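Since the structure comes first, as structure tokens, the remarks are kept for the end.
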Amino acid sequence: MDGGGVRAGELRGAGGGNDIQWCFSQVKGAVDDDVAEADIISTVEFNHSGELLATGDKGGRVVIFQQEQENKIQSHSRGEYNVYSTFQSHEPEFDYLKSLEIEEKINKIRWLPQKNAAQFLLSTNDKTIKLWKISERDKRPEGYNLKEEDGRYRDPTTVTTLRVPVFRPMDLMVEASPRRIFANAHTYHINSISINSDYETYLSADDLRINLWHLEITDRSFNIVDIKPANMEELTEVITAAEFHPNSCNTFVYSSSKGTIRLCDMRASALCDRHSKLFEEPEDPSNRSFFSEIISSISDVKFSHSGRYMMTRDYLSVKIWDLNMENRPVETYQVHEYLRSKLCSLYENDCIFDKFECCWNGSDSVVMTGSYNNFFRMFDRNTKRDITLEASRENNKPRTVLKPRKVCASGKRKKDEISVDSLDFNKKILHTAWHPKENIIAVATTNNLYIFQDKVN
């Protein structure tokens with residue numbers, strides 16, 4: 001891929017016109033073939049500096065990795081990510097009124113920008129959003145007057161001298177504590193949370209409604225979008241994703257299962273049922289089929305860092321939209337067009353309903369999304385080149401350069417190509433994340449987290 005499309009100096013290791021070579025860096029998680037359901041990764045997210053990387057899983061756990069400070073002697077090696085904190089974010093619950101089990105699976109994690117020594121993140125399962133504080137402690141107080149060192153209280157009458165308590169160094173502890181719990185606001189399953197650029201409010205979206213919260217207030221939220229019809233039999237579409245604009249605090253978008261994206265302005269009215277803009281591409285009649293509606297459903301929407309563009313992912317493609325042009329995307333990238341002839345079997349094994357996410361690199365010049373067979377795709381917006389790479393343990397020596405993969409759709413297969421019929425649809429990359437400042441990417445296969453970085457010469 002040509003230079004990763006990154007402006008020199010903006011992301012490290014991105015020479016003007018040199019091809020970026022992606023190298024294996026690390027893999028986290030068990031090697032076993034039999035995967036415990038609880039260990040399946042369900043979300044991946046870098047924080048704003050890229051120093052921390054959080055993953056959530058189906059078991060309700062959040063694992064945070066921290067990038068080690070760069071080794072000054074080995075200038076060619078960048079800091080590895082090691083486990084910083086692990087905590088149980090959500091537990092399985094039961095809704096007795098509806099006789100429904102509520103899974104503990106973490107649907108989304110979103111970091112707040114760092115304001116002090118502690119870090120804060122929002123995590124959500126299907127029903128409840130939690131604000132977590134992650135803080136470090138490396139000193140403990142000693143020398144209380146009314147307490148023994150083991151915590152027992154002393155008889156005040158035995159205290160004859162006063163001591164001044166002191167802080168003593170101790171081994172570093174990282175503590176995760178829930179600071180706020182935002183519950184009971186969603187009838188349907190939460191699919192998105194997004195923090196506003198005012199850093200005071202955030203939205204949460206489920207299948208039919210979007211709510212606006214203040215980060216300090218847990219007992220009420222404002223319903224800003226409601227697409228629930230009076231008669232549920234008339235339901236034709238659901239909300240699939242929602243996100244706030246990165247700079248404009250009054251603007252947000254939400255995508256639907258019909259392939260449309262609506263941009264709303266909260267200044268227009270309290271309930272944003274009337275959108276300001278509707279982004280929709282007319283369907284190509286030659287591609288019309290029984291599966292058209294299913295594959296046009298948008299599984300993810302992400303604003304570019306600049307706020308000028310947004311990217312949407314449907315089943316077969318990634319589209320880039322200019323916010324000033326509603327009638328069609330400015331760029332369309334085919335992720336795995338060779339699956340169009342396989343839609344029938346993908347419908348039968350339910351893979352056609354998989355929700356792939358997508359992400360931008362730090363300078364908005366390259367986009368990345370996942371596919372099957374543990375493949376993931378990158379598209380360079382400047383050079384229009386694309387590449388298919390594979391996350392596998394076979395080439396897991398550090399700094400091993402990843403070889404581009406090619407899929408043969410039909411006809412005679414070349415030596416290095418993989419036939420469509422031999423793709424493993426159980427191995428899929430749904431969740432990917434790109435470091436905000438460097439060419440470091442995190443890619444989640446079923447229960448493993450792969451970290452790749454560009455080759456630093």
Given (1) closer than 25 Å to residue 377 by Cα; (2) surrounded by fewer than 18 Cβ atoms within 10 Å (Cβ to Cβ), where does residue 273 come up short, assuming only one miss?
(1)
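Test residue 425 against the criterion of being out of contact with any strand residue (DSSP E or B) (no Cβ under 8 Å at 6 or more places or on another chain) and not aliphatic (A, V, I, L, M), and give yes or no. Working first, answer last.
Values: out of contact with any strand residue (DSSP E or B) (no Cβ under 8 Å at 6 or more places or on another chain): no; not aliphatic (A, V, I, L, M): yes.
Against the criterion (out of contact with any strand residue (DSSP E or B) (no Cβ under 8 Å at 6 or more places or on another chain) and not aliphatic (A, V, I, L, M)), residue 425 does not qualify.
I'd like to check something: does the range 148-168 contain any residue that is without any contact (Cβ under 8 Å) to a residue 40 or more places away in the chain, surrounded by fewer than 20 Cβ atoms within 10 Å (Cβ to Cβ), of a type in the set (A, V, I, L, M, F, W, C) and in a strand (DSSP E or B)?
yes
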Within the range 386-406, restricting attention to residues that are touching a residue at least 40 places away in the same chain (Cβ under 8 Å), assigned to a strand (DSSP E or B) and open to solvent by less than 30 Å² (accessible area, probe 1.4 Å), which residue is farthest from residue 32 (Cα to Cα)?
387
Quick one: which residue in 63, 31, 35 is over 22 Å from residue 369 (Cβ atoms) and modelled with pLDDT of 95 or more?
63
Residue match in the range 127-135 (condition: assigned to a loop (DSSP other than H, G, I, E, B) and β-branched (Val, Ile, Thr))
yes
I need a count of the residues in the range 389-419 that are β-branched (Val, Ile, Thr), in contact with a His (Cβ under 9 Å, 6 or more places away or on another chain) and under 18 Å from residue 441 (Cα atoms).
0
Does residue 181 meet the test of being at pLDDT 95 or above, open to solvent by less than 60 Å² (accessible area, probe 1.4 Å) and either assigned to a loop (DSSP other than H, G, I, E, B) or touching a strand residue (DSSP E or B) at 6+ places or on another chain (Cβ under 7 Å) (or both)?
no
Looking at (1) open to solvent by less than 10 Å² (accessible area, probe 1.4 Å); (2) closer than 17 Å to residue 448 by Cα, find the lone condition where residue 379 falls short.
(2)
With the requirement that a residue be touching a His at 6+ places or on another chain (Cβ under 9 Å) and of a type in the set (Gly, Ala, Ser), what does the range 339-370 give you?
362, 363, 370
Identify all residues within the range 302-313 that are open to solvent by 20 Å² or more (accessible area, probe 1.4 Å) and part of a loop (DSSP other than H, G, I, E, B); write none if there are none.
305, 306, 308
Take the residues of the range 24-65 that are open to solvent by 50 Å² or more (accessible area, probe 1.4 Å) and not in a loop (DSSP other than H, G, I, E, B): which is nearest to residue 127 (Cα to Cα)?
61
Looking at (1) open to solvent by 10 Å² or more (accessible area, probe 1.4 Å); (2) closer than 26 Å to residue 372 by Cβ; (3) of a type in the set (S, T, N, Q); (4) more than 18 Å from the chain's Cα centre (by Cα), find the lone condition where residue 299 falls short.
(4)
For the range 315-350, give me each residue that is open to solvent by 50 Å² or more (accessible area, probe 1.4 Å) and in contact with a Lys or Arg (Cβ under 7 Å, 6 or more places away or on another chain).
326, 332
Residue check for residue 139: part of a loop (DSSP other than H, G, I, E, B) and either modelled with pLDDT of 90 or more or over 29 Å from residue 208 (Cα atoms) (or both)
no
Go through the residues of the range 197-212 one by one and say whether even a single one is open to solvent by 40 Å² or more (accessible area, probe 1.4 Å), farther than 26 Å from residue 314 by Cβ and without any contact (Cβ under 8 Å) to a residue 40 or more places away in the chain.
yes
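The values are calculated or read from the model by the stated rules, or taken from the named source; none is laboratory data. Since the model is a prediction, treat every value here as computed from it, not as a measurement. When we count neighbours, we look across all protein chains shown, and the Cβ atoms used for this are built from the backbone with ideal geometry, even at glycine. Side chains included, ligands, DNA and RNA excluded: accessible areas come from the protein's heavy atoms. Shrake-Rupley method; radii C 1.70, N 1.55, O 1.52, S 1.80 Å.
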